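Below is one structure, written out as structure tokens; comments come after it.
The values are calculated or read from the model by the stated rules, or taken from the named source; none is laboratory data. The shown structure was predicted, so the numbers you read here are calculated from the model rather than taken from an experiment. Backbone-built Cβ (ideal geometry, glycine too); neighbour counts: all protein chains shown.
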Amino acid sequence: MTDTTRSSRIPGFHKKSPAERLALVSDFAGLDAAAAARLSDTGNLDLGLADRLVENVIGSMNIPLGIATNMRVDGEDVLIPMATEESSVVAAVCNAARQCYDAGGFTTSMSGTLMIAQIQAVDVADPHAARLRILGRREEIKAICDGCDPVLLSFGGGFRDVEVRVLDSRGGPMLVTHLIVDTRDAMGANAVNSMAETLAPHIAAWSGGRVYLRILSNLADRRLARAHAVWPLDQIGGQIGGEAVRDGIVSAYHFAAADPYRAATHNKGIMNGVSAVVLATGNDTRAVEAGAHAYAARGGQYGSLTRFEVTADGQLSGSIELPMAVGLIGGATKAHPTAQACLAILGVTSAERLARIIAAVGLAQNFSALKALATTGIQKGHMALHAQNIAMMAGAVGDEIDRVAAALVERGSVRQDVAQAVLQDLRGEA
């Protein structure tokens, strides 16, 4: 039965303090004192800062922060902070990195730090001629864009080029202007959006059309991060042998490259690692994920972000390439104290270095997932770690958690009802 006495129309909610908002929400949802207390405990994030980062704050949600070890990137050993709620993600990166560490670890590169802003013009009478008119204004466009952000210019960034496309759409031809901007160590959304908005009236005048959208593109294909590693057979082989593991991983990659249904899960595994580092450093997980998945479909069919091959001497070679629009300045990256601590752990001094490390983490994550799928199956390793979560869901505390988890793994049945039965037996013995 619907409760008609409750209303989500709360005038002035945004003007209230976080404590006042929490009291209203608790009353609306019928939260007990314990639940309200948990929401008011913001951990290592100051409540006042949280209230400035996003709107209508009542608390914060703490995500476990783990460290991936064994990572060597471009000859330098690094520790990787990863913020994630999913079991086995951090362990997967550690294991993959350990198995290629002696072979040199990961080598990386970056295509640049260019971002794209789009300006959409419609109702242009002569779109192809208008395209040429806009291209002929390149120097004027450069002056307008660079005038929007002198600080970016002082750091060596700014306008780099203009491109204009005539796009056929359901509503007729559109004239789409791309501003190519070097955003250096910033992710760059605010900078390129400001340029697009400032230039928009000029585009309307030069094209004779009407301008609607003026905003960045998250398909940052001028900002590609790349990573490569070689896994020796004697490191990846187990009971079934290195060649069999290698061939299984390559076959799994072929599956993902050919089938979008498989590729979606394949790339989700990559993003398990990528998004965990992006989140830990206060960057925009949604922007990176959107760019990665769009890039995976650039050929007209959604496919794999990674490639696995066999080297001339029979070892396993893995590589990854994906857009990586991350920054070191601005937003939560600069304001959030935990993000700043994570950047200090990584020891990065440029957005390019951060992007390259994140790409290496994505490749490591994918290697571990494909190895598990090609050998024991994904559930064995994942569920061994997930069993602890199930034990806690069943009510286990302290030493009980490990004992219940071990029993679940031994039985091969990682379920909450089984965990409750095991816990009951343990407590009965005690």
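Kindly indicate whether Lys268 is under 21 Å from Gly188 (Cα atoms), surrounded by fewer than 18 Cβ atoms within 10 Å (Cβ to Cβ) and among the charged types (D, E, K, R). So that I can check it myself, show each step before the final result.
Numbers: under 21 Å from Gly188 (Cα atoms): no; surrounded by fewer than 18 Cβ atoms within 10 Å (Cβ to Cβ): yes; among the charged types (D, E, K, R): yes.
No; evaluated as a whole, the condition is false for this residue.
From the residues in segment 293-330 that are free of Cβ contacts under 8 Å to residues at least 60 places away in the same chain and not in a loop (DSSP other than H, G, I, E, B), which one is farthest from the chain's Cα centre (by Cα)?
My answer is Glu309.
With respect to the numbered conditions (1) closer than 24 Å to Leu65 by Cα; (2) part of a helix (DSSP H, G or I); (3) in contact with a Lys or Arg (Cβ under 9 Å, 6 or more places away or on another chain); (4) not basic (Lys, Arg), which one is the sole condition not fulfilled by Val418?
Status for Val418: all satisfied but (1).
Every residue, every condition in (1) part of a loop (DSSP other than H, G, I, E, B); (2) at pLDDT 95 or above, yes or no:
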{"position": "Arg52", "(1), (2)": "no, no"}
{"position": "Asn56", "(1), (2)": "yes, yes"}
{"position": "Asn62", "(1), (2)": "yes, no"}
{"position": "Val78", "(1), (2)": "no, yes"}
{"position": "Met82", "(1), (2)": "no, yes"}
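Among the residues of segment 144-153, are any touching a strand residue (DSSP E or B) at 6+ places or on another chain (Cβ under 6 Å), of a type outside the set (Gly, Ala, Ser), surrounded by fewer than 17 Cβ atoms within 10 Å (Cβ to Cβ) and in a helix (DSSP H, G or I)?
Checked against the condition, which is being touching a strand residue (DSSP E or B) at 6+ places or on another chain (Cβ under 6 Å), of a type outside the set (Gly, Ala, Ser), surrounded by fewer than 17 Cβ atoms within 10 Å (Cβ to Cβ) and in a helix (DSSP H, G or I), segment 144-153 yields at least one hit.
Report every pair of residues separated by at least 6 positions or lying on different chains whose Cβ atoms are under 7 Å apart, first residue within segment 13-26 and within 13 Å of Arg52 (Cα to Cα), second assigned to a helix (DSSP H, G or I).
Between residues of segment 13-26 that are within 13 Å of Arg52 (Cα to Cα) and residues that are assigned to a helix (DSSP H, G or I), the close pairs are Pro18/Leu47; Pro18/Asp51.
Scanning segment 53-73 for residues that are in contact (Cβ under 8 Å) with a residue 60 or more places away in the chain and within 22 Å of Gly330 (Cβ to Cβ), which turns out farthest from the chain's Cα centre (by Cα)?
Leu53
Could you run through segment 32-50 and say how many residues are of a type in the set (S, T, N, Q), surrounded by 12 or more Cβ atoms within 10 Å (Cβ to Cβ) and not in a helix (DSSP H, G or I)? Working first, answer last.
Taking segment 32-50 as the starting set, the residues that turn out to be of a type in the set (S, T, N, Q) are 40, 42, 44.
Pick out the ones that are also surrounded by 12 or more Cβ atoms within 10 Å (Cβ to Cβ) and you get 40, 42.
Still in the list and also not in a helix (DSSP H, G or I): 42.
Of the residues in segment 32-50, 1 are of a type in the set (S, T, N, Q), surrounded by 12 or more Cβ atoms within 10 Å (Cβ to Cβ) and not in a helix (DSSP H, G or I).
Of all residues in segment 221-251, which are over 16 Å from Asn95 (Cα atoms) and either polar (S, T, N, Q) or crowded, with 22+ Cβ neighbours inside 10 Å (or both)?
Selection gives Arg223, Ala225, Ala227, Gln239, Ser251.
Inspect all residues belonging to segment 189-200 and state whether any of them is touching a helix residue (DSSP H, G or I) at 6+ places or on another chain (Cβ under 9 Å) and either free of Cβ contacts under 8 Å to residues at least 24 places away in the same chain or in a strand (DSSP E or B) (or both).
Looking for residues that are touching a helix residue (DSSP H, G or I) at 6+ places or on another chain (Cβ under 9 Å) and either free of Cβ contacts under 8 Å to residues at least 24 places away in the same chain or in a strand (DSSP E or B) (or both), one finds none in segment 189-200, hence no.
Going by what's in this entry, would Val90 be described as at pLDDT below 95 and assigned to a helix (DSSP H, G or I)?
It is false that Val90 is at pLDDT below 95 and assigned to a helix (DSSP H, G or I).
Residues to consider are Phe155, Phe106; find the one that is touching a helix residue (DSSP H, G or I) at 6+ places or on another chain (Cβ under 6 Å), outside the structural domain of Leu354 (by TED's automatic domain parsing) and closer than 27 Å to Asp185 by Cβ. First the steps, then the outcome.
On the way: Phe155 fails: touching a helix residue (DSSP H, G or I) at 6+ places or on another chain (Cβ under 6 Å).
Being touching a helix residue (DSSP H, G or I) at 6+ places or on another chain (Cβ under 6 Å), outside the structural domain of Leu354 (by TED's automatic domain parsing) and closer than 27 Å to Asp185 by Cβ holds for just one of Phe155, Phe106, which is Phe106.
Filter segment 154-188 down to residues that are in contact with a Lys or Arg (Cβ under 8 Å, 6 or more places away or on another chain) and assigned to a loop (DSSP other than H, G, I, E, B) and give me whichever is surrounded by the most Cβ atoms within 10 Å (Cβ to Cβ).
Looking at the filtered set, the residue picked out is Gly157.
What's the number of the condition Ala96 fails, among (1) among the hydrophobic types (A, V, I, L, M, F, W, C); (2) within 30 Å of Gln315 (Cα to Cα); (3) in a loop (DSSP other than H, G, I, E, B)?
In the conditions (1) among the hydrophobic types (A, V, I, L, M, F, W, C); (2) within 30 Å of Gln315 (Cα to Cα); (3) in a loop (DSSP other than H, G, I, E, B), Ala96 misses (3) alone.
So, in segment 110-144, exactly how many residues are of a type outside the set (D, E, K, R) and over 29 Å from the mean Cα position of the chain (by Cα)?
Selection size over segment 110-144: 15.
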